[in-house]
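Some notes on the structure that comes next.
The values are calculated or read from the model by the stated rules, or taken from the named source; none is laboratory data. Note that the structure is a prediction, hence the values are computed from the model and not measured. No Cβ is skipped: glycine too gets one built from the backbone with ideal geometry, and neighbour counts run over all protein chains shown.
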Amino acid sequence: MAEAPLRILHTESSLGWGGQEIRVLTEARGVAGRGHAVAIAAPPQSRIFQAAPDYGVEAIALPIARKSPGGLFAMTRLLRNRRFDVLNTHSSTDSWLAAVASCLLRQAPPIVRTRHISAPVPRNLATRWLYRQASRRIVTTGERLREQVMAEAGVAPDRVVSIPTGIDLDRFRPGDAAKARADLGLAAGGSLIGIVATLRSWKGHRYLLEALAGLADRGARLVVVGDGPQREPLEKLAAELGIAERVRFAGNQADVAPWMRALDLFCLPSYANEGVPQALMQAMACGLPVVTTPVGSIGEIVQDGETGRLVPPGDASALGATIEALLADAPLRGRLAARGREAALQRFGEERMVERMLEVFSVVARASRR
């Protein structure tokens with residue numbers, strides 16, 4: 001007998017926009033496409049709330065951008081008035097509000113807590129309760145994050161599962177770089193390096209700017225796709241380094257695939273808070289050689305010298321030397337790109353992520369009905 005469709009509620013308190021929010025919506029869309037009822041509760045001013053309709057996902061406005069009595073009341077009311085089989089939380093604030101609201105209800109859906117980043121888990125009794133008692137399952141986006149949760153929150157191994165983010169492999173594929181540059185108004189000649197990431201300090205943009213300034217190839221240029229709180233400081237730094245004319249700040253882009261196809265090399269020099277960055281997987285799927293750092297679970301998808309190059313975080317000199325070596329060695333770039341693309345095709349598909357998340361949702365929903 002086939003199981004009935006699940007009713008799944010995602011909660012997200014983040015107001016920003018990046019890989020985490022995109023994963024939530026991509027996953028929700030994929031699960032809904034399998035015939036399940038999926039909704040997301042988020043602050044009405046958040047980017048994820050505004051983008052949900054574009055993904056075909058129901059958006060429910062809740063005042064949960066911060067911990068407050070109003071947010072707790074709204075969360076409790078929603079869970080009392082609508083029946084859900086699973087509640088999937090994603091950030092700290094919404095996870096706490098959902099957990100406390102569940103304690104106030106006679107019947108509440110089981111909580112699956114997805115942890116997207118490698119920031120330390122607070123080592124206190126309240127956090128241990130959140131992870132060990134309030135949440136039925138913890139999902140991480142990488143194996144290293146899974147090990148971190150077990151070590152820092154004391155969660156049993158059978159209650160933590162690593163499910164890497166999946167990407168649309170039909171959308172992210174190699175293409176004509178010359179055409180992409182022409183379509184985007186980028187100069188046809190010269191080496192083009194790129195980064196796609198929210199402009200946050202830990203993404204390491206400053207080290208990439210410093211590396212660019214130190215390259216012997218003064219014709220090499222950088223495209224920065226994304227926006228965020230660090231834009232003004234980064235633009236100022238580019239001017240101070242004398243490379244402002246070689247850097248294009250492209251801002252947020254609805255479709256980053258053409259920008260990736262225009263590149264010779266993709267860099268993501270993060271120094272903290274990473275899981276498995278979507279942009280890195282997307283670049284590999286587009287057939288780009290990548291330079292990044294062994295932060296979070298990045299080392300699980302990029303093997304140094306095989307599917308990309310790894311450099312120490314926070315080291316602009318090492319980053320620059322690696323970029324320079326790759327720009328000077330087209331055959332090596334080609335080998336890394338081909339192996340990275342092969343790894344992406346084997347491991348990064350969106351369907352695999354959706355299937356594995358549905359397995360988790362089904363298990364906790366069945367257990368809660370007993």
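Structure summary
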quantity	calculated
Odd one out for Arg34, checked against (1) under 27 Å from Arg356 (Cβ atoms); (2) part of a loop (DSSP other than H, G, I, E, B); (3) free of Cβ contacts under 8 Å to residues at least 24 places away in the same chain	(3)
Check on Val360, within 21 Å of Gly30 (Cβ to Cβ), at pLDDT 95 or above and either in contact with a strand residue (DSSP E or B) (Cβ under 6 Å, 6 or more places away or on another chain) or not in a loop (DSSP other than H, G, I, E, B) (or both)	yes
Candidate set: the stretch 118-140, residues that are buried (at least 18 other Cβ atoms within 10 Å of the Cβ) and among the aliphatic types (A, V, I, L, M); chosen: the one nearest to the chain's Cα centre (by Cα)	Val139
Within the stretch 88-105, considering residues that are within 20 Å of the chain's Cα centre (by Cα) and not β-branched (Val, Ile, Thr), the one surrounded by the fewest Cβ atoms within 10 Å (Cβ to Cβ)	Ser92
Odd one out for Glu143, checked against (1) surrounded by fewer than 21 Cβ atoms within 10 Å (Cβ to Cβ); (2) at pLDDT 95 or above	(2)
Residue within the stretch 151-164 that is farther than 28 Å from Gly16 by Cα and touching a strand residue (DSSP E or B) at 6+ places or on another chain (Cβ under 7 Å) present	yes
Verdict on Thr76 being in contact with a Phe, Trp or Tyr (Cβ under 8 Å, 6 or more places away or on another chain) and in the same structural domain as Thr141 (by TED's automatic domain parsing)	no
Residue in the stretch 182-191 that is nearest to Ala220 (Cα to Cα), counting only those that are over 26 Å from the mean Cα position of the chain (by Cα) and in contact (Cβ under 8 Å) with a residue 40 or more places away in the chain	Ser191
Check on Arg115, over 26 Å from the mean Cα position of the chain (by Cα) and among the charged types (D, E, K, R)	no
Residue among Gly299, Gly287 that alone is surrounded by fewer than 24 Cβ atoms within 10 Å (Cβ to Cβ), closer than 23 Å to Ala188 by Cα and either assigned by TED's automatic domain parsing to the domain that holds Arg206 or among the β-branched types (Val, Ile, Thr) (or both)	Gly287
Total residues in the stretch 30-48, condition surrounded by fewer than 21 Cβ atoms within 10 Å (Cβ to Cβ) and more than 16 Å from the chain's Cα centre (by Cα)	9
Among (1) out of contact with any Pro (no Cβ under 9 Å at 6 or more places or on another chain); (2) surrounded by 20 or more Cβ atoms within 10 Å (Cβ to Cβ) - the single one Arg309 does not satisfy	(1)
Total residues in the stretch 340-356, condition in contact with a Gly (Cβ under 8 Å, 6 or more places away or on another chain) and touching a residue at least 60 places away in the same chain (Cβ under 8 Å)	8
Counted residues, the stretch 184-210 - those being of a type in the set (A, V, I, L, M) and either part of a loop (DSSP other than H, G, I, E, B) or over 15 Å from Val290 (Cα atoms) (or both)	7
Condition check for Ala108: within 20 Å of the chain's Cα centre (by Cα) and outside any helix (DSSP H, G or I)	no
Checking Arg23 against (1) more than 21 Å from Phe361 (Cα to Cα); (2) of a type in the set (Lys, Arg); (3) within 19 Å of the chain's Cα centre (by Cα), the condition it does not meet	(1)
Residue within the stretch 63-72 that is surrounded by fewer than 19 Cβ atoms within 10 Å (Cβ to Cβ) and among the hydroxyl-bearing types (Ser, Thr, Tyr) present	yes
